[in-house]
1. Can you tell me which residues in the stretch 276-303 are within 16 Å of SER344 (Cα to Cα) and hydrophobic (A, V, I, L, M, F, W, C)?
2. Whether any residue in the stretch 51-68 is of a type in the set (Lys, Arg), out of contact with any strand residue (DSSP E or B) (no Cβ under 6 Å at 6 or more places or on another chain) and surrounded by 17 or more Cβ atoms within 10 Å (Cβ to Cβ) is what I want to check.
3. Sort out which residues of the stretch 40-67 are part of a helix (DSSP H, G or I) and at pLDDT below 95, and write them in order of number.
4. Which of the residues that make up the stretch 237-250 are touching a residue at least 12 places away in the same chain (Cβ under 8 Å) and either under 17 Å from TRP207 (Cα atoms) or of a type in the set (Ser, Thr, Tyr) (or both)?
5. For residues that are buried (at least 19 other Cβ atoms within 10 Å of the Cβ) and over 20 Å from the mean Cα position of the chain (by Cα), tally how many sit in the stretch 212-249.
6. Restricting to the stretch 68-90, name every residue that is more than 21 Å from ASP169 (Cβ to Cβ) and part of a loop (DSSP other than H, G, I, E, B).
7. Is it the case that GLN136 is in contact with a strand residue (DSSP E or B) (Cβ under 8 Å, 6 or more places away or on another chain), of a type in the set (S, T, N, Q) and in a loop (DSSP other than H, G, I, E, B)?
8. Taking the condition assigned to a helix (DSSP H, G or I) and within 19 Å of the chain's Cα centre (by Cα), does GLU5 pass?
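The values are calculated or read from the model by the stated rules, or taken from the named source; none is laboratory data. The structure presented is a predicted model; accordingly, all values stated were derived computationally and were not measured. For neighbour counting, all protein chains shown are included, and Cβ atoms are generated from backbone atoms with ideal geometry for every residue, glycine included.
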Amino acid sequence: MRTLEQLVCPHILNMEAYSSARSEFKGKASIFLDANENTIRTTYNRYPDPLQANLKQAIEPLVQLNQEQIFLGNGSDEAIDLLMRIFCIGGQDAILTLPPTYGMYNVSASLNAIKNIEIPLDANYQPNVAAVLAAQNERTKILFICSPNNPTGNDVDLEKIEQLIEGFDGIVVVDEAYIHFSTQASCVQWIGKYPNLVVLQTFSKAWGMAGIRLGMALANAEIIQLFNKVKPPYNVNVLTQEYALGQLQDLRIFKEDVANILVEREELITQLSALKFVIKIYPSAANFLLIKVEAANQIYQYLVEQGIIIRNRSRVLLCDNCLRITVGTKQENAVLMQRLKAYSKTILV
């Protein structure tokens, strides 16, 4: 494959990164008069650690990588945007995506004036490896693979992912936002093997911290250095770092949450399967279900009127008449099913 120097935008390679006050000093001190902060106030008057060392130290054993292989950002969306800034020149380069997939890849590409070449998944929501690799050219810099996929919920076959990593002449990004709900192994295991691999994970889903906006990119140290070069100097605030660090001290709640969500997912599948208007429930390795129904628009609107909000994915490629339902609490799922059963009776009259 092309070297990292060949893939990175020349202006990024040549730019001089901003040197913040907190990035220039390493070590311990008692008086800080370097960053023009309000020195009278306490606690949150200081800028955060620009490289989040304490938080990354807590993350290291979870991903079995070292700090130099971890980037933390304002949600995974920041990492997606930075990837395009690092590797793609607007109006010139392109990315490859595999719809139906996470919509922010296309949004970020549009914002950066980058062409998005779409190679649809097959009927089983798996990539056509030959078609994807045939679509690449000297301008395709990044391939995005979402696994477990959003909005379909299924794992992308690991063998296919590895074929794409080996065959794509650019950066391959595997977005694992929902990996903690899956029984399939994470692609993090391949970071030492493939220098063109970037794995995205998030604290928004299984970790239950969507409100603090914390995502991460995992890759070889050279790619992480590029992230740190182009990111805003203090992109993860003190409150986010403190809260996440506190949550990572005891993993029992995280594990219990995942186990409970998986139980509720299976119960929801059983109950939805009994509804006459449900045509198909797609296999899910995530904390949501994609279901094909009769009259998806009508059912969606009915639930809105009942105060229940799901996602109508009917306009998404390969998702005709499909609804995406997040696995709620036991109580929320009970109310959902009560309303859907009532709807079912009305259409049978």
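1. Once the filter is applied, which keeps residues that are within 16 Å of SER344 (Cα to Cα) and hydrophobic (A, V, I, L, M, F, W, C), the stretch 276-303 yields PHE277, VAL278, ILE279, ILE291, VAL293, ALA295, ALA296, ILE299, LEU303.
2. No, the stretch 51-68 contains no residue that is of a type in the set (Lys, Arg), out of contact with any strand residue (DSSP E or B) (no Cβ under 6 Å at 6 or more places or on another chain) and surrounded by 17 or more Cβ atoms within 10 Å (Cβ to Cβ).
3. Of the residues in the stretch 40-67, the ones part of a helix (DSSP H, G or I) are 53-63, 67.
If the condition is that a residue be part of a helix (DSSP H, G or I) and at pLDDT below 95, then no residue fits.
4. Matches in the stretch 237-250: LEU239, THR240, GLN241, TYR243, ALA244, LEU245, GLN247, LEU248, GLN249.
5. Residues meeting the conditions: 0.
6. ASN74
7. For GLN136, the condition - in contact with a strand residue (DSSP E or B) (Cβ under 8 Å, 6 or more places away or on another chain), of a type in the set (S, T, N, Q) and in a loop (DSSP other than H, G, I, E, B) - is met.
8. So GLU5 fails the test.
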